[in-house]
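J.: Please find one structure pasted underneath; my questions will follow.
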Amino acid sequence: MVTTHTLGFPRIGARRELKFAQEAFWKGQISEEELQITGADLRRRHWQNQHQLDQVPVGDFSFYDQVLDMSFTLGNLPERVGDTGGSELDRYFRVARGRSGQESSCCGVQAGEMTKWFDTNYHYIVPEFHQHTRFQLNADRLIEQIREARSQGFTPKPVIIGPVTYLWLGKAKDQSNRLLLLELLLPVYSELLDRLAAHGVDWVQVDEPALVTDLDADWRHAFILAYHHLKTSAPNLLVTTYFGELRENLQLACELPVAGLHLDAISAPQEVARVADWLPPHKQLSLGVINGRNIWRTDLEKTLDWLEPVYEKLGDRLWLAPSCSLLHVPVDLTSEQKLDPEIRSWLAFAIQKLDELNTLSKALNHGRAAVRKELAESTLAANSRKTSERVHDACVQIRIEDISPTLGQRQSPYPARIAIQQEKLGLPHFPTTTIGSFPQTRDIRQTRLQFRRGELTEADYTRRIQEEVQRCVAEQEALGLDVLVHGEAERNDMVEYFGEQLDGYAFSQFGWVQSYGSRCVKPPILFGDISRPKAMTVEWIRYAQSLTEKPMKGMLTGPVTLLNWSFVRDDQPRRETCRQLALAIREEVLDLEADGVGIIQIDEAALREGLPLRRSDWNDYLEWAIEAFRIAANGVRDETQIHTHMCYSEFNDIIEAIARMDADVITIETSRSDMELLDAFRGFQYPNDIGPGVYDIHSPNIPDSEQIRSLMVKAAERIPAERLWVNPDCGLKTRQWEEVVPALRSMVAAARELRASLQ
């Protein structure tokens, strides 16, 4: 019989219960005990959602991030939180966000660096290492959750991050080689596995997604050392890989001395037969046959066509699962009563994906006749989507065919453009600005909700949003910022807002997924060809500009980010979808320029996120991603200044590609990494203006002017002062006004001190 399991389940809750509990705890509105009760209740419900499975994951639930959880399990905490007092959960949140609960800013510490989890929109807290790092097991959290699951009648399968991937995900804070820590780390893993065995655990899921990346000889050897050390442990180990192909690491993965291997059959379908042949007969093969990263319904008949021969070969050695953790999809489609019925019939969220998994298992165990109805419904949905007239637009296809290289070229090179722009804008050295959004208060959210429900007229809605724009502009002028923004009070999300105004998108009500911590996003569903029926932002920017003599940025989301932060159609290459988005954003850029907007910011926060995990595949992606940005941005006149912004990620290794975007100004995260990005400029002279983010907006900590000034001094060692901007590292929508105003005041003060130093 086939064994069924999952690699992880969404932790936030169908109604974002975890988010609201976290934020209530941070505000001091609930106790730690109440937060823990919410966590236990969510785990119970999520295991019940998975009751049809043979095993349920334990340890996939987290109050912030699973990598941070692993750091605490291994006793690897930054020294700066060691003596800060409070409970373990307090220290945990201090690493995650700089503070826990209602602590004053003086009690805060520097939050851990945050970056993207492989090529997803999930962010993790980067483990920190140095030559004196030591590890000490703290398995209480995991053991307690095993007891919980077992007491509720479930067979627990603990989920941990493997030792090699854990080191691979981290960063050395000195010049040490983090691989040298493996010798110290492995005994702690052995101790952990022994503890799990003592509590009756039969199988342990050990996540090693680093196996789908480029590994040099030292990292490959580390896998061999690690699992030969752990092979004497009592529990059976299931090494899981996901998000990509094993390629040259396939034989290595198959030969590891473990009891089972999980392969992402969605990302690596061509490797299924090879792994099935190569895997020794005493090992289990888990196949990820349901897409854990996208929301399209599985074509079950088509899947069974290739899966049945594998089952015939492996028999009871075959396990079935989603391709990766279901963390990356919403919880339950049944809540979506307002979604268009035809489009809804094409979708599957986490619970529905488990139903699909159960159908495949029954079909293999008992024959297709046992699930005839389910298979017929699946085939009907697949055929409906293929033949729907709503998916394809002939006019859009014609416009795509007319794209030429000239669409992506500015009239003049950067040195000529920037001289014209400086004369027009008259900005000082170290100009100050923000990234776009200002705090989204409860009143703003309530206004949008009332308008959606029909409780506010359009005139009343417009008046209220205009009042908020007035407040944002007035606050920025009082602070002395040089380039202003309108604050984005009308926008629910930087992707959803634009998707709602583009043909080819659909939207859920409750399709939330976690981005980091309590930050949840509701990705739009990109199901068809994209076009822009009308202008999307012009009226709001026009109104904001009427309130001030200072330059007002037009704020747009770029095509690559609209693509990477949506649930994207899988029936055509991503490149083609991105080009459609680029043409739509280009129209908006030209409309803003025609309305007199002199600075236009096109955010590409997710450019790095879409980068393939293998360097050999980078060039193709970067070629079409940069082409899409240039199509969107470069139709403007020389005097129009184009900005772009990029969020938390690693950019050092693609800085030359970023330069090819030819944005006049780029703003980019550097605050949490202490200007680490500047290392990229040792061997590469970035040619255009750049604003290295100096205010970490993902922490409630308020920087002082000296902290900001010192970061900018570091930046000025690498980049000429006349090309440096001063700005936060991301938008301010998640912060409170009482945090934002003093932080921006410090930022403006630091910029003025820097200007004075040039005189």
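The values are calculated or read from the model by the stated rules, or taken from the named source; none is laboratory data. Quick caveat: nothing in here was measured; it's all calculated off a predicted structure. In this analysis, Cβ positions are derived from the backbone assuming ideal geometry, glycine residues included, and neighbour counts consider all displayed protein chains. Areas reflect the complete protein model, heavy atoms only, side chains present, ligands, DNA and RNA absent. Shrake-Rupley method; radii C 1.70, N 1.55, O 1.52, S 1.80 Å.
J.: Between the range 527-572 and the range 263-277, how many Å separate their Cα centres?
T.: 39 Å
J.: Another question about this same structure. Under 25 Å from the Cα of K733, which lysines turn up, not counting those fewer than eight places away in the same chain?
T.: K19, K27, K116, K522, K550, K553
J.: Give the angle, between 0 and 90 degrees and rounded to the nearest 10, that separates the Cα long axis of helix 17-26 from the longest principal axis of the Cα atoms of the chain.
T.: The angle comes out near 60 degrees.
J.: If you count, for each residue, the other Cβ atoms within 10 Å and average over each peptide, how do 337-343, 228-234 line up from highest to lowest?
T.: 228-234, 337-343
J.: Continuing with the same structure: Amide H to amide H under 5 Å from G554: which residues, 5+ apart in sequence or cross-chain, H placed 1.01 Å off N in plane?
T.: Long-range HN contacts for G554: I599, I600, Q601.
J.: Run the quick spin-label model on S531 and R519: label points 7 Å from Cα toward the beta carbon, then report their separation in nm to one decimal.
T.: Simple spin-label model gives 3.5 nm for this pair.
J.: Can you tell me the relative contact order of the range 61-218? Whole percent, Cα pairs under 8 Å, sequence separation 6 or more.
T.: Relative contact order, the range 61-218: 23 percent.
J.: Kindly provide the GluC sites (Glu not before Pro) of the range 501-610 that DSSP labels as loop, not H, G, I, E or B, and whose Cβ sees at most 12 other Cβ atoms within 10 Å.
T.: Taking the range 501-610 and a limit of 12 other Cβ atoms within 10 Å, the loop GluC sites (Glu not before Pro) found are E549.
J.: What percent does the relative contact order of the chain come to when contacts are Cα pairs within less than 8 Å and at least six residues apart?
T.: 13 percent
J.: Please work out how much length the chain gains when fully extended from R542 to R274, using 0.36 nm per residue of separation minus the C-alpha to C-alpha distance, in nm with one decimal.
T.: Working it through step by step, the gained length comes to 90.5 nm.
J.: Taking a virtual spin label 7 Å from the Cα of N652 along the C-beta vector, which residues in the range 605-634 bring their backbone nitrogen under 18 Å of it?
T.: 608-609, 615, by backbone N distance to the label point.
J.: What residues of the range 513-552 lie in the reach of a label at R452, counting those whose backbone N is under 15 Å from a point 7 Å from the Cα along Cα→Cβ?
T.: Once the point is set 7 Å along Cα→Cβ of R452, 513, 520-525 turn out to lie under 15 Å by backbone N, inside the range 513-552.
J.: Simple spin-label model, 7 Å along Cα-to-Cβ: D595 to H199 in nm?
T.: Computed distance between label sites D595 and H199 equals 5.7 nm.
J.: Could you tell me how many degrees, from 0 to 90 and to the nearest 10, lie between the Cα long axis of helix 414-425 and the main elongation axis, the longest principal axis, of the Cα atoms of the chain?
T.: Taking the Cα atoms of the chain, the angle to 414-425 is about 60 degrees.
J.: Hey, for a label at R15 modelled as a point 7 Å past Cα toward Cβ, could you say which residues of the range 505-534 have their backbone N under 17 Å away?
T.: From the range 505-534, the list is 509-513.
J.: Starting from the range 462-571, pick out the trypsin sites (Lys or Arg not before Pro) whose DSSP state is loop and whose Cβ has at most 14 other Cβ atoms within 10 Å.
T.: K534
J.: Could you tell me how many degrees, from 0 to 90 and to the nearest 10, lie between the Cα long axis of helix 458-479 and the main elongation axis, the longest principal axis, of the Cα atoms of the chain?
T.: 70 degrees
J.: Then there is this: Name the long-range amide H neighbours of T155: under 5 Å, sequence gap of 5 or more, or other chain; modelled H, no Pro or chain starts.
T.: Amide H to amide H, under 5 Å and 5 or more residues apart or across chains, T155 pairs with V56.
J.: Carbon and sulfur: what percent of the chain's accessible surface (1.4 Å probe)?
T.: With neighbouring chains kept in place, the figure for the chain is 48 percent.
J.: Now for a separate question. Among the lysines, which have Cα under 28 Å from the Cα of K231 when same-chain residues fewer than 8 positions away are ignored?
T.: K157, K171, K283, K313
J.: Follow-up. Suppose R0 equals 56 Å; then what is the FRET efficiency for E191 and E717 from their Cβ-Cβ distance, rounded to the nearest 0.05?
T.: Calculated value: 0.80.
J.: Ok, one more. Counting other Cβ atoms within 10 Å, keep those with at most 11, restrict to DSSP loop, and tell me which trypsin sites (Lys or Arg not before Pro) in the range 1-61 are left.
T.: K27
J.: Another one. Report ³J(HN,Hα) in whole Hz for each residue of the range 217-228, in order, from the Karplus equation J = 6.51 cos²θ - 1.76 cosθ + 1.60 where θ = phi - 60°; Gly and Pro get x.
T.: Each residue of the range 217-228 in turn: 4, 5, 5, 5, 5, 4, 4, 5, 4, 4, 7, 6 Hz.
J.: Kirkwood Rh over alpha-carbon pairs of the range 100-145, then Stokes-Einstein at 25 °C and 0.890 mPa s: what D in µm² s⁻¹, rounded to an integer?
T.: The diffusion coefficient I find is 172 µm²/s.
J.: Next question, about the same structure. Taking R0 as 41 Å, what's the FRET efficiency between L380 and H130 from their Cβ-Cβ distance, rounded to 0.05?
T.: For R0 = 41 Å, the calculated efficiency reads 0.10.
J.: Could I ask something else about it? Given R₀ = 45 Å, FRET efficiency for S345-A459 by Cβ-Cβ distance, to 0.05?
T.: About 0.75, to the nearest 0.05.
J.: Also: Could you pull out every residue, at least 5 positions away or on a different chain, whose amide H is within less than 5 Å of the one on S176? Hs are placed 1.01 Å off N in the peptide plane, and Pro or chain starts have none.
T.: So S176 has HN proximity to Q131.
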